[in-house]
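Notes follow the structure.
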Amino acid sequence: MWYLCFNFDKNALIVSNKAVTTTEIIDKVHVIYHNLPFFLKPGLLTNNKGNKVYDNGCRLFGQATTTTPGLGFTIHMLYADEFAHVPRIIVEGFYKSIYPTISSSKISRFIISSTANGINKFSKIYTDAVNKENEFYPIRVDYWEIPGRDEEWKAAEIQNLGSEEAFNQEYGNSFLKSSTMPFTANAL
């Protein structure tokens, strides 16, 4: 919402692994919009489920992740949610299709977020960013950084999820799956 409020004539695209998730994110942006003080709100010209147009020329639209995202649009900000959970056959085509559009402008931004899901395009982009082998800026949020999540909480979640491997994927930012290795991810 900040991007849409404080820019002019910019397009923001939200994609996710499922259309319903994209709609939920757009709904959250719209809730933020409604809770802004009137003097910060740009006028809302179009208010559809998957498309918002503001009087400052900014647009917000959403799609499920496909191999041809935002076809025909200029995209200034792209947010890809749960990127590691997009099927491999789609994510490769998506990235090849969208990256040239984003990289062609010096002002465009590509934001990717996800929980881990094994070794895939997301893990490659993130690992390369950590190693400074691409231009992405890695930000990691660990479970213990969130208030109320301590070792007692971790033990309960491992019990509820059924394994430490499941916990490490969902909360521990671990790309490795020990079920495919002779040792656990922690032992490695």
What do you get for the angle between helix 151-161 and the principal long axis of the chain? Use alpha-carbon atoms, 0 to 90 degrees, nearest ten. 90 degrees
Reported to two decimal places, what Rg/Rh ratio describes the chain when computed on Cα atoms with Rh from the Kirkwood expression? 1.02
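With every protein chain left in place, what is the accessible area per residue of the chain in square angstrom, probe 1.4 Å?
Working: 11180 Å² over 188 residues.
I get 59 Å² per residue for the chain.
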Cα to Cα, under 22 Å, and not fewer than 8 places away if on the same chain: which lysines meet these conditions relative to LYS154? LYS177
Mean Cβ neighbour count within 10 Å, used as a protection proxy, ranking 73-85, 104-116, 2-14, 131-143 highest first: 73-85, 2-14, 104-116, 131-143
Degrees separating the helix 88-103 axis from the principal Cα axis of the chain, which is the longest one: 50 degrees
How big is the range 26-98 on each of its three principal axes, counting only the C-alpha atoms and giving the largest first in Å? 44, 24, 18
Only Lys, Arg (+1) and Asp, Glu (-1) charged, at Cβ; the chain dipole about Cα centre in debye: 820 debye
Once the Cα atoms of helix 121-130 and of the chain are each reduced to a long axis, what angle between those two axes, in degrees from 0 to 90 to the nearest 10, is obtained? 90 degrees
Along Cα→Cβ, 7 Å out, is where each label goes; now give me the distance between the ones at LEU45 and LYS124 in nm to one decimal. 3.9 nm
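The values are calculated or read from the model by the stated rules, or taken from the named source; none is laboratory data. Treat the numbers as computed from the prediction; the structure is a model and nothing was measured. Quick reminder, even Gly has a Cβ in these numbers, built from the backbone with ideal geometry, and neighbours come from all protein chains shown. Accessible surface areas use protein heavy atoms only, side chains included; no ligands, DNA or RNA. Shrake-Rupley method; radii C 1.70, N 1.55, O 1.52, S 1.80 Å.
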